[in-house]
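Peer 1: Can you keep this structure in mind? I'll have questions shortly.
The values are calculated or read from the model by the stated rules, or taken from the named source; none is laboratory data. No experiment lies behind these values; they were computed from the predicted model shown. Virtual Cβ from ideal backbone geometry, glycine too; neighbours counted across all protein chains shown.
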Amino acid sequence: MTIDADAFRSLLGRFASGITIVTTVDHGGRDVGMTVSAFASVSLSPPLVLTCVAREASVFFEITAAPRIVVNILAEGQESLSRRFAGPAWDRFEGLGVRRAPGGAPILDEVLAWCECRVVQRHDAGDHVILVAEVEGGEVRDEKPLLYYRGGYAQLRR
């Protein structure tokens, strides 16, 4: 028996997740990025993470073809940034403060943490592609994360 889409969405909505913005530079030298909640650690040795990119994403081809990505983990006050990178693919970087990772991909200002990664594997998975990437560096800040829970943004209370 297969679960229907609404029940599946409701079930998975009970799993709180952090919000990331995956960024890279496309073949033409343009900064591209998208909001991604499907992000997880895979291995400590070597240091691997995964992120899932929807085939319907406006920057699907740019992100999945990139040899290097930066995963920007959002802080609790960055809901508008998450919405911006989840919306239409106009110039998402316009007016934003960014700096460059050593490999050239953009790092968004004031994120909770970021990691620069080299993509080592790509896997087809239904309506997504899973990118497995080796973490080569990053930085963290001491802030609270932006969370997504039951179809909306949430904050950590501690």
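Peer 1: Examine the range 19-32 for a residue that is loosely packed, with under 12 Cβ neighbours inside 10 Å, among the acidic types (Asp, Glu) and farther than 19 Å from residue 153 by Cα, and state whether such a residue exists.
Peer 2: Checked the range 19-32: no residue is loosely packed, with under 12 Cβ neighbours inside 10 Å, among the acidic types (Asp, Glu) and farther than 19 Å from residue 153 by Cα.
Peer 1: Sort through 66, 113 and tell me the only one that's aliphatic (A, V, I, L, M), closer than 20 Å to residue 26 by Cα and surrounded by 13 or more Cβ atoms within 10 Å (Cβ to Cβ).
Peer 2: 66
Peer 1: Restricting attention to the range 44-58, which residues are touching a residue at least 40 places away in the same chain (Cβ under 8 Å) and surrounded by 14 or more Cβ atoms within 10 Å (Cβ to Cβ)?
Peer 2: 47, 48, 49, 50, 51, 52, 53, 54 - these are the residues of the range 44-58 that are touching a residue at least 40 places away in the same chain (Cβ under 8 Å) and surrounded by 14 or more Cβ atoms within 10 Å (Cβ to Cβ).
Peer 1: Moving to a separate point now. Sort through 151, 137 and tell me the only one that's out of contact with any Cys (no Cβ under 9 Å at 6 or more places or on another chain) and small (Gly, Ala, Ser).
Peer 2: 151
Peer 1: If you don't mind, another one. Only one of 85, 93, 61, 39 is free of Cβ contacts under 8 Å to residues at least 12 places away in the same chain and among the aromatic types (Phe, Trp, Tyr). Can you tell me which?
Peer 2: 61
Peer 1: Kindly indicate whether any position in the range 102-116 is outside any strand (DSSP E or B), modelled with pLDDT under 95 and under 16 Å from residue 37 (Cα atoms).
Peer 2: No, that holds for no residue.
Peer 1: Here is a list of conditions, (1) touching a Pro at 6+ places or on another chain (Cβ under 9 Å); (2) modelled with pLDDT of 95 or more; (3) surrounded by fewer than 13 Cβ atoms within 10 Å (Cβ to Cβ), and residue 135 meets all of them except one; can you say which number that is?
Peer 2: (3)
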